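Structure, as structure tokens:
The values are calculated or read from the model by the stated rules, or taken from the named source; none is laboratory data. Computed from a prediction, not measured in an experiment: that's the story for all the values here. All Cβ positions, even for glycine, are placed from backbone atoms using ideal geometry, and neighbour counts span all protein chains on display. With ligands, DNA and RNA removed, areas are computed over all heavy atoms of the protein, side chains included. Shrake-Rupley method; radii C 1.70, N 1.55, O 1.52, S 1.80 Å.
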Amino acid sequence: MSSAEAAAPARKARRRDRGGTIALITAPLLWLVLFFIVPVGFVLIKSVGLVQIFPTDAGVLSLDGWHRFLSGDSIYMGLFWKSIKVSLIVSVSVVLMAYPVGYFLALCVRKRKYVLLMVIIAPFLTSYLLRVLAWKVILGDGGVINSFLFWSGLRAEGDPISWLLYSQFAVMLVLAYVWVPFVALPIFVSLDNLDRSLLEAAADLGASRMKTFWRVTFRLSLPGVIAGFVFVFVPTIGEFVTPQLVGGTNGYLFGNAINDLFTQGLDWQSGSVLAFFLLIVVAGLMALFGRFISVRTVAGT
């Protein structure tokens, strides 16, 4: 048998493998193109006025929307920085609350840690909308908190704490409540994979428990902390459902402006400018955080 005849089955096998690979990735790629690339492209060309949808649209290239948005006195740019501030506060608060949960489950619980983890996550298998509306019952003027204050005499009847609901505080509180269990997961995974012998070695070398935590435990769990921070910070920038339900006018954020421009103001060009700008910011943040996590991982190995 010649070498060409011997190599023929191998070539056929490679062609079959290549054909199977193409068949497997065709459907996901088609889905990605139709429901991500095409909509993003539409938003981009609409942001510069090249798409005519309504009779009032000019349908010609125009950067006026971008100029108005990027100008120093733009109300939408102010809303963007407000959303950044809210996202930063919520992200830091959630990480601070989720870290003790992940630490307790990973290093303090010896048996049934995964059962406890499921118990923590279980309430979040219910509808997001129902959980947010439940907070309206708790925080409202006639809600659980104010009713207790009236009953205990700590607050005069008919004088509720009005800033508990329809405020920036309510938005941050509900978002923190929503994200804590999910941020606890990557922190738990990082701590659960921690080599316990490192903690014993630090104790043998005379390090205090606080120093061991800061120099060993926390630094090795930092990838999980950063991942949890990203889980909260990036999607919260464009959040609009929670502010719409519990934020009122004081909790109005950048995502609400985008939603209103498309659904109420019918100014799709300005809405496309805001949406594409947000997409650029999110993509940049994901690339930055991904690079930072990669550097931390390489440095730690």
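Structure notes:
- Residues of the range 157-175 satisfying the condition of being of a type in the set (Val, Ile, Thr) and either touching a residue at least 40 places away in the same chain (Cβ under 8 Å) or open to solvent by less than 10 Å² (accessible area, probe 1.4 Å) (or both): VAL171, VAL174
- Restricting the range 40-90 to residues that are within 26 Å of PRO235 (Cα to Cα) and assigned to a loop (DSSP other than H, G, I, E, B), the residue that is modelled with the highest pLDDT is VAL48.
- Candidate set: the range 268-288, residues that are within 13 Å of the chain's Cα centre (by Cα) and loosely packed, with under 14 Cβ neighbours inside 10 Å; chosen: the one farthest from SER71 (Cα to Cα): MET286
- Each residue in the range 94-128 was checked for being surrounded by 18 or more Cβ atoms within 10 Å (Cβ to Cβ) and of a type outside the set (A, V, I, L, M), and 3 pass.
- Index of the failed condition, LEU199 passing every other in (1) open to solvent by 70 Å² or more (accessible area, probe 1.4 Å); (2) touching a Ser or Thr at 6+ places or on another chain (Cβ under 8 Å): (1)
- Identity of the residue in the range 243-258, within 17 Å of the chain's Cα centre (by Cα) and either open to solvent by 30 Å² or more (accessible area, probe 1.4 Å) or of a type in the set (A, V, I, L, M, F, W, C) (or both), that ends up farthest from LEU129 (Cα to Cα): PHE254
- So GLY228, is it touching a residue at least 60 places away in the same chain (Cβ under 8 Å), farther than 25 Å from LEU139 by Cα, touching a helix residue (DSSP H, G or I) at 6+ places or on another chain (Cβ under 7 Å) and buried (at least 18 other Cβ atoms within 10 Å of the Cβ): yes
- Within the range 132-144, considering residues that are open to solvent by less than 60 Å² (accessible area, probe 1.4 Å) and without any contact (Cβ under 8 Å) to a residue 60 or more places away in the chain, the one farthest from PHE229 (Cα to Cα): GLY143
- Meets criteria (within 23 Å of TRP179 (Cα to Cα), modelled with pLDDT of 90 or more and open to solvent by less than 50 Å² (accessible area, probe 1.4 Å)) for PRO235: no
- Among residues of the range 79-93 being more than 30 Å from ASN193 (Cβ to Cβ) and hydrophobic (A, V, I, L, M, F, W, C), the one that is surrounded by the fewest Cβ atoms within 10 Å (Cβ to Cβ) is TRP81.
- The set of residues from the range 196-222 being among the charged types (D, E, K, R) and without any contact (Cβ under 8 Å) to a residue 24 or more places away in the chain comprises ARG196, GLU200, ASP204, ARG209, LYS211, ARG215.
- Here VAL178, VAL189 are screened, and the one residue that is out of contact with any strand residue (DSSP E or B) (no Cβ under 9 Å at 6 or more places or on another chain) and buried (at least 18 other Cβ atoms within 10 Å of the Cβ) is VAL178.
- Hey, GLY206 assigned to a loop (DSSP other than H, G, I, E, B) and in contact with a helix residue (DSSP H, G or I) (Cβ under 7 Å, 6 or more places away or on another chain) or not: no
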